[in-house]
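Colleague: Mind looking over this structure? Questions follow.
The values are calculated or read from the model by the stated rules, or taken from the named source; none is laboratory data. Just so you know, these numbers come straight off a predicted model, no measurement behind them. Keep in mind that these areas ignore ligands, DNA and RNA; they rest on the heavy atoms of the full protein, side chains included. Shrake-Rupley method; radii C 1.70, N 1.55, O 1.52, S 1.80 Å.
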Amino acid sequence: MKNVDDLISDAASLANRGVSKGEIADELNVSRETASWLVERSKSTTRDTQSVDTKKPHDIHVDWNAIGRDSTRLTHIGNAMANMLPNQHQEPALTVGIEKAGTPLATVVAQTLDTGLATYTPRKHQWENGDIEGLEGSFSRNFSSVHGYDCHIVDDTITGGTTLRETIEAITDTGGNPVAAAVLIDKQGVEDIDGVPIYSLIDVLSVNA
């Protein structure tokens, strides 16, 4: 079982390889604020550790490596996610996977629901520090265009809901119609985002005394 020290070490290793803080957040299934804290904590000395610790964000780390490292387990989970999604469309249907971890799950969902496949890379993958609003996400040209499709969105984890909201907006702006989203784990207990229903296999509820 991983502890905070393990996460700090993982964040430091990724940062040393040139991975952006936004991608570190995605890789470790934590918020951008938590990713920043982990990287800062890895660089801190004994003298300034206490100062960094006061900035520690409230978050929940999710490690689903036991699923992701095994194709059979991943397929079963993807099938379960597909089973949750409504399967009624007036237009051709498409499954949109959010990079990186949402894409293998979306591939299984697309196969199960017999839809096309698109992938979206959120702007947080470019984020390092400061304002993220000036950055842009993108759909991969190697997969389907979302234009004219009813779209199911698939991701692994909802941390704050920002990435899903961005993806919904991007699909709409590109001429697609986001009809539902499926996630493996929801840290927020979100029922819908901008009118798009969210279906999660697992809801994580944090209770603070």
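Colleague: Before I look further, what does the chain give for accessible area per residue, probe 1.4 Å, in whole square angstrom?
Modeller: Result: 53 Å² of accessible area for each residue.
Colleague: Of the accessible area of the chain, with the probe set at 1.4 angstrom, what percent is carbon plus sulfur? Write out the running numbers ahead of the final one.
Modeller: Numbers: 5010 of 11150 Å².
Answer for the chain is 45 percent, counting heavy atoms of protein chains only.
Colleague: Which sequence of Arg41, Arg141 reflects their accessible areas, 1.4 Å probe, from the largest down? Could the numbers behind the result be given before it?
Modeller: Details: Arg41 60, Arg141 230 Å².
From most accessible down to least: Arg141, Arg41.
Colleague: Under 17 Å between alpha carbons: how many lysine pairs meet that in the chain, if sequence neighbours fewer than 8 apart on the same chain are excluded?
Modeller: On the way: Lys21/Lys43; Lys21/Lys55; Lys21/Lys56; Lys21/Lys100; Lys21/Lys124; Lys43/Lys55; Lys43/Lys56; Lys100/Lys124.
Lysine pairs meeting both conditions in the chain amount to 8.
Colleague: Based on the alpha carbons, how large is the Rg to Rh ratio for the range 104-160 when Rh follows Kirkwood?
Modeller: Numbers: Rg = 13.4 Å, Rh = 13.1 Å.
For the range 104-160, the value is 1.02.
Colleague: Turning to a different aspect of this structure: Let a ≥ b ≥ c be the square roots of the eigenvalues of the Cα gyration tensor of the range 117-207; is it rounded (a/c under 1.5), or, if not, prolate (a/b larger than b/c) or oblate? Don't jump to the answer; show the numbers that get you there.
Modeller: Values: a/c = 1.95, a/b = 1.19, b/c = 1.63.
Oblate.
Colleague: I would also like to ask the following. Solvent-accessible area of Val4, probe 1.4 Å, all protein chains present, reported in Å² to the nearest ten, please.
Modeller: Ignoring ligands and nucleic acids, Val4 comes out at about 60 Å².
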